[in-house]
Amino acid sequence: MSFLSRHKRDSSDDDNPSRGDDDLDALFGDESAPPAPEKKSQPPAAKPAPQYEAIGTLDAGETLSTGYRVPPKRRVAPSVRKLRKQLRAKLLAVPDEADTWDRNDPEKVQIILDRLNTVLDKMRVKLSKEEYNELKEGLLNDLLGFGAIQPLVTDRNVSEIMVNGPEVIFVERKGKMLESEIVFDDEEHVFWTCQRIVRPLSRSLNRANPMVDARLPDGSRVHIVTLPSALCGTTITIRKFPEDQLTSADLVSFGSYTKDVEMFLEACVVSRVNIVVSGGTGSGKTTLLNVLSSFIPEDERIVTVEDSAELQLAQRHVVRLETAPPIPGSRIDGKIEVRDLVKGSLRMRPDRLVIGECRSGEALDMLQAMNTGHDGSLTTVHSNNPRDAVSRLETLCMMAGMDLPVEVIRAQIVSAVDLIIQQSRLKDGSRKVVQITEVQGLEGDNPVLQDIFMYRTEGQRETGYSHEGGGELQATGFRPKFADQFKQYGFNLPGRIFGTGAKRF
């Protein structure tokens with residue numbers, strides 16, 4: 001019999017689900033202890049979602065032999081930790097009952113609290129008010145939220161969460177990496193949270209599938225690696241995205257690029273220039289891809305292909321495709337990879353094809369699409385600079401298994417890709433467009449690249465873009481060859497945007 005059935009049977013003669021004062025005194029086991037919070041009806045959760053405080057008491061921290069100072073950690077009492085581990089599964093009728101329940105839903109919260117109080121009564125557990133509150137908040141986070149990291153998930157100032165096992169959790173705030181005071185109870189606690197993340201997406205995390213990509217309900221990207229591959233314990237990496245989608249005006253105000261560059265990029269997208277966004281991990285490639293996609297006219301059909309859905313396009317005519325893992329018990333059946341989706345998308349009559357990231361053989365299919373009438377396509381790739389991006393695309397195309405000569409692949413790349421935008425995270429933590437480069441063609445066997453804009457700081461003498469903050473994206477004085485097609489789409493960009501008459505560096 002499920003918990004829900006037992007709960008209905010035991011409380012069928014009680015019209016009021018809230019606990020009486022005598023019951024609370026019996027629960028706490030201390031007549032002098034203040035009663036638990038009364039169960040008054042709560043108003044609907046306001047938007048944005050409320051912030052949650054980490055539970056537990058801070059320890060003293062420690063200093064490692066390397067000199068690194070480990071911050072104090074918040075830990076709950078051992079008795080509460082043991083009780084929470086015992087009750088997590090007992091409060092659910094079936095393991096996946098609460099997978100789609102929301103932490104901010106008062107009705108669902110009340111269901112869990114009623115079950116918790118019922119179980120504690122039957123177990124005759126005596127708790128102080130502080131212990132009860134720790135147990136209550138911990139279980140609500142475990143069953144309706146994302147466990148110990150729930151306060152970090154709801155914290156707007158946190159852009160990335162990195163769980164390196166139960167004891168070590170780092171966060172990124174304003175571009176800076178800091179170790180958090182929050183910890184999980186143990187490895188089982190981390191794994192419980194992982195299962196709550198992956199189950200709603202019909203994905204499995206186990207010995208047969210120790211690594212999985214997923215996403216949170218708000219669209220945040222999640223990557224999980226568990227034992228035996230994760231030697232320090234199950235690892236969770238969460239890339240959060242702003243609740244309010246960033247616009248091009250926001251990037252201009254942040255200094256990611258200038259107003260002139262914004263005009264240039266809009267003209268490129270509308271004029272159906274094929275663009276590759278290049279950059280390292282966490283440099284802001286997906287954010288920039290979102291902004292570039294916002295320039296696509298409303299009357300065009302857009303098909304997006306992603307490994308884990310992250311793009312948030314505002315247009316009406318958008319088809320979103322995402323990879324799928326194999327069905328449980330099989331390593332092949334039901335599995336759909338990015339390359340399969342790219343091939344299928346070409347039969348959907350797309351005006352624009354947007355691939356979240358090229359990381360394997362789908363790069364060749366993407367280039368084929370760019371070369372066969374799907375101009376204006378967009379994608380991202382991991383690389384350090386535009387020239388490395390071309391080499392990276394060559395390598396990815398070789399992974400398609402077609403056994404093509406590198407000269408043929410290189411010719412395909414320079415024919416398909418018109419523009420490479422390099423995104424980077426600088427030393428001060430800011431994310432900026434640091435280089436915009438045109439792919440002009442081949443000279444012999446070598447791709448010819450021409451920088452159109454370069455990020456420079458005052459007094460810089462080195463070639464290439466600056467890695468310091470406080471600079472500006474400057475025109476190099478060269479006008480791209482494809483600029484002539486801007487007028488066909490209604491754009492007449494002034495020469496000053498390209499630095500006409502300015503000193504070239």
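Some notes on this structure:
- Residue match in region 380-390 (condition: open to solvent by 30 Å² or more (accessible area, probe 1.4 Å) and on the phi > 0 side of the Ramachandran plot): no
- Residue count, region 147-159 (criterion: in a strand (DSSP E or B) and either out of contact with any strand residue (DSSP E or B) (no Cβ under 6 Å at 6 or more places or on another chain) or open to solvent by less than 20 Å² (accessible area, probe 1.4 Å) (or both)): 1
- Cβ-Cβ distances below 8 Å connect the following pairs, each with a first residue in region 237-266 that is open to solvent by 60 Å² or more (accessible area, probe 1.4 Å), a second residue that is of a type in the set (Val, Ile, Thr), and a separation of six or more residues or different chains: Thr247/Val291; Lys259/Val252; Met263/Ile497.
- Unmet requirement for Met366, which otherwise passes all of (1) at pLDDT 90 or above; (2) touching a Ser or Thr at 6+ places or on another chain (Cβ under 8 Å); (3) crowded, with 24+ Cβ neighbours inside 10 Å: (1)
- Candidates Arg359, Arg349 - the one that is part of a loop (DSSP other than H, G, I, E, B), touching a residue at least 24 places away in the same chain (Cβ under 8 Å) and surrounded by fewer than 15 Cβ atoms within 10 Å (Cβ to Cβ): Arg349
- Of the set (1) open to solvent by 10 Å² or more (accessible area, probe 1.4 Å); (2) touching a helix residue (DSSP H, G or I) at 6+ places or on another chain (Cβ under 8 Å), all apply to Gly219 but (2).
- Residue within region 456-473 that is closer than 19 Å to Val291 by Cβ and open to solvent by 20 Å² or more (accessible area, probe 1.4 Å) present: yes
- Residue list for region 104-130, filter: part of a helix (DSSP H, G or I), open to solvent by 40 Å² or more (accessible area, probe 1.4 Å) and of a type in the set (Asp, Glu): Glu107, Asp121, Glu130
- Some residue of region 474-484 being over 27 Å from Asp375 (Cβ atoms), in a loop (DSSP other than H, G, I, E, B) and among the charged types (D, E, K, R): no
- Restricting Val319, Val305 to residues that are closer than 20 Å to Cys397 by Cβ, assigned to a strand (DSSP E or B) and not aromatic (Phe, Trp, Tyr) narrows the list to Val305.
- Checking each residue in region 48-72 for being under 23 Å from Leu135 (Cα atoms) and at pLDDT 90 or above picks out only Pro72.
- A Cβ distance below 6 Å, combined with a sequence gap of six or more or placement on separate chains, defines the contacts here; from region 313-338, residues that are open to solvent by 90 Å² or more (accessible area, probe 1.4 Å) reach residues that are assigned to a strand (DSSP E or B) in the pairs Arg320/Thr304.
- Residue in region 88-105 that is out of contact with any Lys or Arg (no Cβ under 8 Å at 6 or more places or on another chain) and over 26 Å from Ile224 (Cα atoms) present: yes
- Count of region 414-433 residues, restricted to those that are more than 26 Å from the chain's Cα centre (by Cα), open to solvent by less than 50 Å² (accessible area, probe 1.4 Å) and over 16 Å from His382 (Cα atoms), is 3.
- Taken across region 286-293, residues that are among the β-branched types (Val, Ile, Thr) and open to solvent by 20 Å² or more (accessible area, probe 1.4 Å) do occur, with at least one present.
- Annotation for region 201-215: at least one member residue is on the phi < 0 side of the Ramachandran plot, without any contact (Cβ under 8 Å) to a residue 24 or more places away in the chain and basic (Lys, Arg).
- Note on region 396-434: among residues that are assigned to a loop (DSSP other than H, G, I, E, B) and touching a residue at least 60 places away in the same chain (Cβ under 8 Å), the one that is farthest from Thr457 (Cα to Cα) is Ala400.
Let's see how each residue does on (1) farther than 30 Å from Val408 by Cβ; (2) modelled with pLDDT of 95 or more; (3) out of contact with any strand residue (DSSP E or B) (no Cβ under 7 Å at 6 or more places or on another chain):
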| site | (1), (2), (3) |
| --- | --- |
| Gly429 | yes, no, no |
| Asn446 | no, no, yes |
| Gly459 | yes, no, yes |
| Ser466 | yes, no, no |
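- Once region 72-103 is narrowed to residues that are of a type in the set (D, E, K, R) and open to solvent by 40 Å² or more (accessible area, probe 1.4 Å), the residue that is nearest to the chain's Cα centre (by Cα) is Asp102.
The values are calculated or read from the model by the stated rules, or taken from the named source; none is laboratory data. Please read these numbers as outputs of a predicted model, since none were measured by experiment. So basically every Cβ, Gly included, is an ideal-geometry build from the backbone, and we count neighbours across all protein chains shown. Accessible surface is based on the protein model in full, side chains and every heavy atom, while ligands, DNA and RNA are left aside. Shrake-Rupley method; radii C 1.70, N 1.55, O 1.52, S 1.80 Å.
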